[in-house]
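Below is one structure, written out as structure tokens; comments come after it.
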Amino acid sequence: MEKLQQYRHVFRQLDKNGDGKLSPPELQICIGKVGGELTLEEAEMAAAMMDSDGDGLLSMEDLIKVVEDANEEEKANDLKMAFKMYEEMEGCGCITPKSLKRMLSKLGESRTVDDCKVMISKFDVNGDGVLTFDEFREMML
């Protein structure tokens, strides 16, 4: 509930005329406040892309969806970066017991390859002894 209240507060700050919708000029001002630059034409295109009901204006729900989608994309990118840190040096696209041991060692945690096999087996859906990105993502979520 607290998150929704935060969204409402931010939305009210952006909705200068109080009509419950963000117009392209209001969106343009919003982007300017965070250090960006958007022409009115770009703001109109952005509003049209994010608008769910076709009126060319953004509702609070539209804004929440954009923010939440951006957060999800950021989380996915963070997971991809973390996966690359653990993945085999040869770039096989998976985390092996040896690559897991190596990364844990860099993080100051000493484990044997057998320990790492056990750790991997808990999330290794297809039983091939390694973690793919999809298996890693499931483990992290």
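Some notes on this structure:
- Restricting attention to segment 42-100, the residues that are surrounded by 14 or more Cβ atoms within 10 Å (Cβ to Cβ) and acidic (Asp, Glu) add up to 6.
- Condition check for Cys94 on (1) touching a residue at least 12 places away in the same chain (Cβ under 8 Å); (2) in the same structural domain as Asn17 (by TED's automatic domain parsing); (3) within 23 Å of the chain's Cα centre (by Cα): one failure, at (2).
- Residue in segment 128-139 that is closer than 30 Å to Asn17 by Cα and either without any contact (Cβ under 8 Å) to a residue 60 or more places away in the chain or touching a helix residue (DSSP H, G or I) at 6+ places or on another chain (Cβ under 7 Å) (or both) present: no
- Residue in segment 37-55 that is in a loop (DSSP other than H, G, I, E, B), among the acidic types (Asp, Glu) and in contact (Cβ under 8 Å) with a residue 24 or more places away in the chain present: yes
- For the residues Leu79, Leu104, the requirement of being farther than 30 Å from Met50 by Cα, in a helix (DSSP H, G or I) and not small (Gly, Ala, Ser) singles out Leu104.
- Boolean, Lys21 is of a type outside the set (A, V, I, L, M, F, W, C), closer than 18 Å to Val67 by Cβ and either in contact with a Pro (Cβ under 6 Å, 6 or more places away or on another chain) or modelled with pLDDT of 90 or more (or both): yes
The values are calculated or read from the model by the stated rules, or taken from the named source; none is laboratory data. Since the model is a prediction, treat every value here as computed from it, not as a measurement. Heads up, the Cβs are rebuilt from the backbone with ideal geometry, glycines too, and the neighbour counts pull from every protein chain shown.
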